[in-house]
Structure formats: structure tokens, C-alpha cells
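Chemist: Here you go, one structure.
Values in this text are rule-based calculations from the coordinates and carry no lab data. Given the structure is predicted, the values throughout are model-derived calculations rather than measurements. Cβ atoms come from the backbone with ideal geometry, glycine included; neighbour counts cover every protein chain shown.
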Amino acid sequence: MDLYNTLTRSVTTFTPVDGETVRIYSCGPTVYDHAHIGNLSAYIFADTLHRAVQLPGWKVEHAMNYTDVDDKTIRRSQELYPDDEPRQALHKLTDHYIELFLQDMASIGNDTADLTFVRATDTIEDMKELITRLYDGGFAYIADDGVYFSIDAYRRSGKTYGQLLELTNSNTSSERIQNDEYDKESVHDFALWKVQKGTEPAWDLQLGGKDLSGRPGWHIECSAMSRLVLGQPFDIHTGGIDLVFPHHENEIAQSTALEGDPLMAQFFMHNDHILIDGKKMSKSAHNFFTLEDIVTKGYDPLAFRLLVLQGHYRSPVNFTWENLEAAQNRLRNWQAAAALRWQAVDADLGDTEASYVGLIDSDVYSPMFIDLNTPQVLANISQRFTKFSENLVSQSVIDGFVEYLEVVDSLLGLNISSQSDINSEQKQLIQDRQQARLNKDWPRSDEIRDTLLAQGLAVRDTPHGSIWHRV
């Protein structure tokens, strides 16, 4: 399988470190608010990668973090729960948004059953241990407001800061940065630990003979959590392109400073932005959308998933309501084709069981092995479904057709074949309509058609009988 590696800036052949199990770490949500559709596109990419790397027969261990302590979560928890103890307020806020996040993940077709979720607040001790080791090793220093990572010390140790991008004068500075929200992408010594301010939630830390009670910085959280669950080096680190710098670059530095091997993960993979009408999404521009906004307008969340998959993960995806409408229409067409699994015709249509095995390989597997080329996969499947719908499926090859559908669903997570067969009463209505047409009783035929439509079923007539699909 060939994948693009941000470390090498090239598409190269991927194989797991241990040859059998692919260990993936994905930067997860900061759980202080609803995830926006840009966040969700990153999780769709990570889910698709998880599905794809199983194609060669590899097992997968996949971890995703919850950032449940940082500037945003603290500020929001104190706004909403000012009378609660700080750590209690923090957990009350983040518990709520974790639940909403998992609901969104299910709605967009992401499979969370095989994901290991790790909360930052559950791994504070691991962060403190790593910070202590960095301090003792000369890669961290104590300042008035916390503990900072020394980029200069890291460079002097012979390692490269700037593995994921080229550092220039425009993104280099000697200033330290304490907050978790960067105003610009620029190199700074960054906070590993922040001394408590006011009524912020705090955990004990004794370092260098000083009481530094406080909480971790943003970057150290992912380093500690990924190492805890997956070890180091692991196989693939994923995230949105906006996390390349400084977040992932800083993760690499603090994760490898004490190691002989400068590798945190052998592959870093990043998905590009979601654009709104060709522009960057922002609340100030009033083009900031959540999944709830999509559902409120009557769209299927899986139509959004399909819209994301229609673009290559390394290219921007342009979200417009017109594009979402087109994706929803495409999804409905696929679902209509999938409904043929319940309507195989007893006739020789010229299709063979063996052909479906070849179709799975050529339509689906081959393009996915070339850097997850989902646009080509979708184009192939659409072309195939059009032919299925036009030519129908014979009873003799129904098993191969169902296997094709199951592969599509397993790889793309669109659940197109999840709809059940119609009931016996509806089947009888379709037969009655056919008889009415034979009798040229058009009023009765139209009446039955309208009855079926009211039940969410559309019917079209073919040389092999009436074919239904859900609407």
C-alpha cells in the first residue's frame, strides 16, 4: 500500500513496523463545544485509513485522544459552571461534549468499536513523568509560569526541529508561548506544564525543588497518550493539515528528545481543509457549520461523509449546500442500486459470479492502494451501480452482488446496503399494480403507486418486472 508521508513529502510504500499490526494515533477533539464539519472531515479520513489498511490483511490498533483540559475547556467550564469545583466543572463540560461527539461519529458512519479513546485528564501522571524526564535530561526548564521545552537544547542534541515543514525567518521566533491558542504559526519554546492561575483546575507537580501545581500544556498530552497506548515508534499519526505545525512538530520534539531514534511515528498523514463556498471556515464569517446544521436542513449525515470522500484527502473539499445536495442524490442512487439485493430476477442477464470478484479488485481495492484514492473508487462504484440499475441482477449471481455491496460498505462506511427488504403487504401491492397495468387499469395502478409512495417506496417498471427503491 502506497501512502503520502508528510515526513518525506512523498508517496512511499507503507508496511507496519512489526509487519503485522498497524498502530495509528489520531488527534481527536477538544471537547468544549460541538465538533464542526472541518473537524469531522479529519475523523472521516482517519476512519477511512483505518478501514483501508486492513485490506492487505493487517490488524489495526487505533487510538484517539480527547483533549479535555486546555485553555478552551477550562474557560468554557468556568463560564458554564462557576459554582462547581474547577475539576468537577471541567469534567461536567467535557463529559457532555464527549457524548455529543460520539453521537456525531456514529451519524457520519465512523466505526468507534475498534478505537481506543484516551482522555488527557486520565493520563496526567504519564505527562508528569515525561516532563520530569525531559527536565532531568536538559530539554526543559522552569520559568515563572511553568515548564518549557527548549528547542535550542533539542537542536544541540543533534536532532532536527522542522521535520514536517521547512522553517524560515517568517515562522521562527525566540519568544516563548504560554497559551494553547496560537495567534500565528511560529517557532517558540512551548509550555509543557502551566502553573495554576486563579481558580483553574490543578494537579500536583514537584520539579527542581519547586511546587508547580497546575496542568499540562496541549502538546505534551498527545506525546504521553500515544506512547502509553501504542508505544514508540508507532506506524501512522493522523490529523488535519492545520496540526502539522506547531502541534505535530512539537510532539515529535518532546517525544524523541530523550531517544536515540528521532522517529515518533514512521508516517505522518494529514487531510486538507474543508472550505465553505471556497473560503476558510470561521465563526466571524458566519460560515461555521456543525453536523446539527446539516441535519436541520434535512440532509443525511452520510451525504456529508460521501461529500468528503469525493475529494482526495490531501486536497481541499469545497462545502456548499449545492454540493451536499448532489452528494445526497448520489447516496440515494447508491441505496437504490443496493436494494437490488432483494430483487434478483430469475433470468439469464449475462453476468457471472466470477466477474464480481474482479470488479471488487478493479473498482475498489486497486485505487485505494494508491494513497487512498477515494474519488476514483467512488467514480468506479457509481459507474458500476448505474449498470446494475439498468441491467438488474440475476438470481444466479446474487451472492457475488451482495459481497460487492458489503465490500463497499466495509471500506467506505456509507451503509448503503443496511436497508431491509420490504414487507409482504408491500410486495403484494407491487404485484397488484403489475396486474392493474396488464389490465390497463391506469387509475388503479396510479392509486397503488401513490399508496407505495406514501410508505416511502418508489417503483419503476422494467422488462423483468417492477423494481422498488426507498425514497
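Chemist: Per-residue HN-Hα couplings for the range 234-247, Karplus 6.51 cos²θ - 1.76 cosθ + 1.60 at θ = phi - 60°, whole Hz, x for Gly and Pro?
Modeler: Working through the residues one at a time gives 9, 8, 9, 10, 10, x, x, 4, 5, 8, 3, 9, x, 4 Hz.
Chemist: Roughly how many debye, to the nearest 20, is the charge dipole of the range 424-470 about its Cα centre, given +1 on each Lys and Arg Cβ, -1 on each Asp and Glu Cβ, and no other charges?
Modeler: Around 160 debye, computed over the range 424-470.
Chemist: While we're on this one: Give me, ordered by chain and number, the residues 5 or more places off Tyr66 or on other chains with an amide H under 5 Å from its own placed amide H.
Modeler: Placed amide hydrogens put Val118, Arg119, Ala120 under 5 Å from Tyr66.
Chemist: Report, in degrees rounded to the nearest 10, the 0 to 90 angle that the Cα long axis of helix 86-107 makes with the longest principal axis of the chain.
Modeler: It is inclined by approximately 30 degrees.
Chemist: To the nearest 0.05, how large is the calculated FRET efficiency for Leu438 and Glu390 if R₀ is 25 Å and r is the Cβ-Cβ distance?
Modeler: My answer for the efficiency is 0.60.
Chemist: Then there's this: Order these by the 10 Å Cβ neighbour count, fewest first: Phe149, Phe245, Phe288, Phe267.
Modeler: With the sparsest Cβ surroundings first, the list reads Phe288, Phe245, Phe267, Phe149.
Chemist: How big is the antiparallel share of DSSP beta bridges in the chain, given as a percent to the nearest 5?
Modeler: Just about 45 percent of them are antiparallel.
Chemist: Just report the Cα centroid separation between the range 319-395 and the range 108-142, whole Å.
Modeler: Computed from Cα coordinates, the inter-centre distance equals 42 Å.
Chemist: Which angle from 0 to 90°, rounded to the nearest 10, does the C-alpha axis of helix 398-412 make with the longest principal axis of the chain?
Modeler: The two axes meet at around 30 degrees.
Chemist: Given an 8 Å cut-off on Cα distances and at least 6 residues of separation, report the relative contact order of the chain as a percent.
Modeler: Result for the chain is 16 percent.
Chemist: For Gln383, what is the net charge nearby, where nearby means another residue's Cβ is under 13 Å from its Cβ and Lys, Arg count +1, Asp, Glu -1?
Modeler: That sum, taken over residues with Cβ under 13 Å, equals +1.
Chemist: Enumerate the calculated ³J(HN,Hα) couplings along the range 215-226 in order (Karplus 6.51 cos²θ - 1.76 cosθ + 1.60, θ = phi - 60°), each rounded to whole Hz, writing x wherever the residue is Gly or Pro.
Modeler: With coefficients 6.51, -1.76 and 1.60, one gets 8, x, x, 5, 5, 5, 4, 5, 4, 5, 5, 5 Hz.
Chemist: Further question on the same structure: Enumerate the amide H contacts of Asn318 below 5 Å, restricted to partners 5 or more residues apart or on another chain; note that Pro and chain-start residues carry no placed amide H.
Modeler: Residues meeting the criterion, in which the H sits 1.01 Å from N, are Leu275.
Chemist: Measure nothing but the geometry: give the 0 to 90° angle between the long axis through the Cα atoms of 124-136 and the longest principal axis through the Cα atoms of the chain, rounded to 10°.
Modeler: Tilt relative to the chain: about 40 degrees.
Chemist: If you average the C-alpha positions of the range 206-242 and of the range 15-67 separately, how far apart do those two centres end up, in angstrom?
Modeler: Spelled out, the Cα-based centre of one part sits 17 Å from the other.
Chemist: Summing -39500 (n - 2.57) over the DSSP H runs of n ≥ 4 in the chain and dividing by its residue number, what mean residue ellipticity at 222 nm do you reach, to the nearest 500 deg cm²/dmol?
Modeler: -12500 deg cm²/dmol, from helical runs alone.
Chemist: Can you tell me the convex hull volume per residue for the range 222-340, based on C-alpha atoms, in Å³ to the nearest whole number? Present the calculation step by step, with values, prior to reporting the outcome.
Modeler: On the way: hull volume 17.9 nm³, N = 119.
Residue-normalised Cα hull volume stands at 151 Å³.
Chemist: Oh, and also: Just to be sure I understand, if you calculate Cα Rg over 2.2 N^0.38 Å for this structure, which of [x] 1.31; [y] 1.24; [z] 1.16 do you get?
Modeler: Correct label, based on the coordinates given: [z].
Chemist: Right, next: Report, largest value first, the span of the C-alpha coordinates of the range 285-437 along each principal axis, in whole Å.
Modeler: The Cα atoms of the range 285-437 stretch 58, 38, 21 Å along their principal axes.
Chemist: Any idea what the relative contact order of the range 424-470 is, in percent, if you count C-alpha pairs under 8 Å spaced at least 6 apart?
Modeler: 28 percent
Chemist: Also: Exceeding 21 Å between C-alpha atoms, which entries from my cross-link table qualify? They are Lys72/Lys194; Lys72/Lys210; Lys72/Lys92; Lys72/Lys197.
Modeler: Beyond 21 Å: Lys72/Lys210.
Chemist: Amide H to amide H, which residues 5 or more places from Val60 or on other chains are under 5 Å from it, using H placed in the peptide plane?
Modeler: It is Val22, by chain and number.
Chemist: Residue by residue through the range 35-51, what is 3J(HN,Hα) from phi via Karplus (6.51 cos²θ - 1.76 cosθ + 1.60, θ = phi - 60°)? Round to whole Hz and write x for glycine and proline.
Modeler: Values, residue by residue: 5, 8, 5, x, 4, 5, 5, 5, 6, 5, 4, 4, 5, 5, 4, 3, 5 Hz.
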